[in-house]
1. Quick one: in the stretch 42-65, of everything that is of a type in the set (A, V, I, L, M, F, W, C) and at pLDDT 95 or above, which residue is nearest to the chain's Cα centre (by Cα)?
2. I'm trying to understand the selection: among the residues of the stretch 1-46, which are among the acidic types (Asp, Glu) and part of a strand (DSSP E or B)?
3. Could you check, for the stretch 29-45, whether at least one of its residues is among the basic types (Lys, Arg) and open to solvent by 90 Å² or more (accessible area, probe 1.4 Å)?
4. When the stretch 1-24 is examined, which residues are found to be free of Cβ contacts under 8 Å to residues at least 40 places away in the same chain and surrounded by 14 or more Cβ atoms within 10 Å (Cβ to Cβ)?
5. Looking only at the stretch 46-63, which residues are of a type in the set (A, V, I, L, M, F, W, C) and open to solvent by less than 90 Å² (accessible area, probe 1.4 Å)?
6. What number of residues within the stretch 36-50 are closer than 16 Å to Arg3 by Cβ and out of contact with any helix residue (DSSP H, G or I) (no Cβ under 8 Å at 6 or more places or on another chain)?
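The values are calculated or read from the model by the stated rules, or taken from the named source; none is laboratory data. The structure displayed is predicted, hence computed values, not measured ones. Cβ placement follows ideal geometry from the backbone for every residue including glycine, while neighbour counts extend to all protein chains displayed. Side chains included, ligands, DNA and RNA excluded: accessible areas come from the protein's heavy atoms. Shrake-Rupley method; radii C 1.70, N 1.55, O 1.52, S 1.80 Å.
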Amino acid sequence: MRRLVVVATTRAASVNRFPEDSLTRARNLKDFLEQTGEYSAVKIYELEKTLGPLKQWAELEEIGM
């Protein structure tokens, strides 16, 4: 199963994390949070496959259409 998290940073520099099950849900949430105007940055991260106890998150980037 894919592990995604939407990370939103407020203008006061606090960070909110929203775990999501699917890329579609994560994108919808990202769009919604950006439209509220309450956040200075909203990004989607995915947990990469790693060996051992360490975890590495990678930012998913939009490809222009």
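1. Applying the first criterion (of a type in the set (A, V, I, L, M, F, W, C)) to the stretch 42-65 yields 42, 44, 47, 51, 54, 57-58, 60, 63, 65.
From what is left, the residues that are at pLDDT 95 or above are 42, 44.
Working: Val42: 7, Ile44: 2 Å.
Per the stated criteria, the residue is Ile44.
2. Those that are among the acidic types (Asp, Glu) and part of a strand (DSSP E or B): Glu20, Glu46.
3. So far as the stretch 29-45 goes, no, none of its residues is among the basic types (Lys, Arg) and open to solvent by 90 Å² or more (accessible area, probe 1.4 Å).
4. First pass over the stretch 1-24, keeping only residues free of Cβ contacts under 8 Å to residues at least 40 places away in the same chain: 1, 6-24.
If the condition is that a residue be free of Cβ contacts under 8 Å to residues at least 40 places away in the same chain and surrounded by 14 or more Cβ atoms within 10 Å (Cβ to Cβ), then Val6, Val7, Ala8, Thr9, Phe18, Glu20 are the ones that fit.
5. To start, the set of residues in the stretch 46-63 that are of a type in the set (A, V, I, L, M, F, W, C) comprises 47, 51, 54, 57-58, 60, 63.
Passing the criteria: Leu47, Ala58, Leu60.
6. 6
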